[in-house]
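Below you'll find the structure, written out as structure tokens, and then a few comments.
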Amino acid sequence: MYDLIIRQARLVDDSLCDIAVSRGKIAAIGRLAGPAARSLDLAGRRYLSAGWIDGHVHCFAESPIYHDEPDAVGVAGGVTTVVDAGSAGADDIARFRQLASEARTEVRALLNISRIGLATQHELAELDDIDLQLARQAIARHLGFIVGLKARLSGSVVGDNGIAPLRLAKALQQSAGGLPLMVHVGNTPPDLDDIAALLEKGDILTHCYNGKPNRILDQQARLRRSVLAMLERGALLDVGHGGASFSFEVARAAFEQGIYPHTISSDIYCRNRIAGPVYSLAHVLSKFLALGMPLPRLIDCVTANAAAALGLAGKGRLEVGADADFTLFDISPAKGVLHDCEGASLPAAQSLRPLAAIVAGVVWPTQEGKADHVFDL
Ligand SMILES: [Zn+2]
């Protein structure tokens, strides 16, 4: 007998299917008749995808500046896995892991290459804080929780160090078995051309549609040659919306040149979650829907693509044997406008409304989902 059967789920390609769960894994997919301890009938009206993965959040509750609770940025918004992008370095990754283990949401971390993590906003201004030996020890001790590295390469973070912290990040990556490296681009220096030149296959550039002078476009709004070359080498683009790193104008110009994000993440933490302009991963996804991204492509960015980019085995795919992590949602007509970080707005067409996160077969309805009695199991 299955632990759970979800019946008549609508997939993003608009097909309907049933999914059975046993011991936290997907046990069967198709038209299923077998008995189950519990069943959830979506009646073809609600969407189901693999659990959403937000690959760039800040959810270390004890971090002084950018902090939040994993479940507030996770299951409360239909997100089953969150990846904290560098809130903690070697000094406090153990404490972060301990706190994260209490969450309903699956939490992973990108280790900040600075041992102090985001204890300050200029964590890479002292090269002594980039202690490769200490970082390697932390990775060895917490591998599995640590899924990659994070380096913030903006002028306000690196001080006078220019591109040097990125060279150290690449050296650390190489000596730590080639873990994914996420690099943040912000204010200059360093210039994005110098950052892009060092990024290789699998490296992730976050804040990819930022509207600052370090945007991915040149003066003529064409994709920078350095970024094109980086993409040709297999480096990846991540959205990392955040409070100051997303421009509709840049995203639109990139789309017109066929440059879409590989992964869509929120860079959410308590302040931009409560006061905006991020609010939730679903809200960020709704912006990409309004920009014209088709639903299957959109959902790939927070499922299969995110799992592949961050090496999350068992996640991001609806297939037998994978983790039974799902996001249930609907798409409703929306009124009003959506805002980027540059003062521009866009009419909202539709909004994605998460109804529940299912993590290893356990159903966590969202606020909207609780009003929807289908989740009363
Ligand atoms: Zn961030």
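Of Pro261, Pro277, all but one fail to be farther than 24 Å from Gly202 by Cα, within 16 Å of the ligand (Cβ to nearest atom) and either not in a helix (DSSP H, G or I) or not hydroxyl-bearing (Ser, Thr, Tyr) (or both); the exception is Pro277.
Screening Ala308 against (1) free of Cβ contacts under 8 Å to residues at least 60 places away in the same chain; (2) part of a loop (DSSP other than H, G, I, E, B) leaves a single unmet condition, (2).
The set of residues in region 73-92 being within 16 Å of the ligand (Cβ to nearest atom) and in contact with a helix residue (DSSP H, G or I) (Cβ under 9 Å, 6 or more places away or on another chain) consists of Val73, Val79, Val82, Val83, Asp84, Gly86, Ser87, Ala88, Gly89. Scan region 226-268 for residues that are free of Cβ contacts under 8 Å to residues at least 12 places away in the same chain and more than 16 Å from Arg297 (Cβ to Cβ) and the total you get is 2. Determine if region 305-317 includes at least one residue that is over 19 Å from Glu106 (Cα atoms) and surrounded by fewer than 21 Cβ atoms within 10 Å (Cβ to Cβ). No; the residues of region 305-317 include none that is over 19 Å from Glu106 (Cα atoms) and surrounded by fewer than 21 Cβ atoms within 10 Å (Cβ to Cβ).
Considered as a group, the residues in region 94-116 that are within 16 Å of the ligand (Cβ to nearest atom) and touching a Lys or Arg at 6+ places or on another chain (Cβ under 9 Å) include one that is nearest to Val362 (Cα to Cα), and that residue is Val107.
Looking at Ala334, Ala348, Ala356, Ala344, just one residue is under 21 Å from Asn272 (Cβ atoms) and in contact with a Phe, Trp or Tyr (Cβ under 9 Å, 6 or more places away or on another chain), and that residue is Ala344.
Taken over region 221-246, the criterion of being out of contact with any Leu (no Cβ under 8 Å at 6 or more places or on another chain) and either under 17 Å from Val83 (Cβ atoms) or surrounded by 21 or more Cβ atoms within 10 Å (Cβ to Cβ) (or both) is satisfied by Val239, Gly240, His241, Gly242, Ser245, Phe246.
From the list Ser286, Ser345, the lone residue that is surrounded by fewer than 16 Cβ atoms within 10 Å (Cβ to Cβ) and small (Gly, Ala, Ser) is Ser345. Within region 26-42, does at least one residue satisfy the condition of being in contact with a Ser or Thr (Cβ under 6 Å, 6 or more places away or on another chain), in contact (Cβ under 8 Å) with a residue 24 or more places away in the chain and not in a strand (DSSP E or B)? Among the residues of region 26-42, not one is in contact with a Ser or Thr (Cβ under 6 Å, 6 or more places away or on another chain), in contact (Cβ under 8 Å) with a residue 24 or more places away in the chain and not in a strand (DSSP E or B), which makes the answer no.
Quick one: Leu42 ticks every box in (1) in contact with a Lys or Arg (Cβ under 9 Å, 6 or more places away or on another chain); (2) away from the ligand (no atom under 16 Å from the Cβ); (3) within 25 Å of Leu236 (Cα to Cα) except a single one, so which number is it? Here Leu42 clears every test but (3).
The numbers here are math on the coordinates, done by the rules we state, and not lab data. Bear in mind that the values here come from a model prediction, so they are computed numbers and not experimental data. Counting neighbours? That spans all protein chains shown, and the Cβs are built from the backbone with ideal geometry, glycine included.
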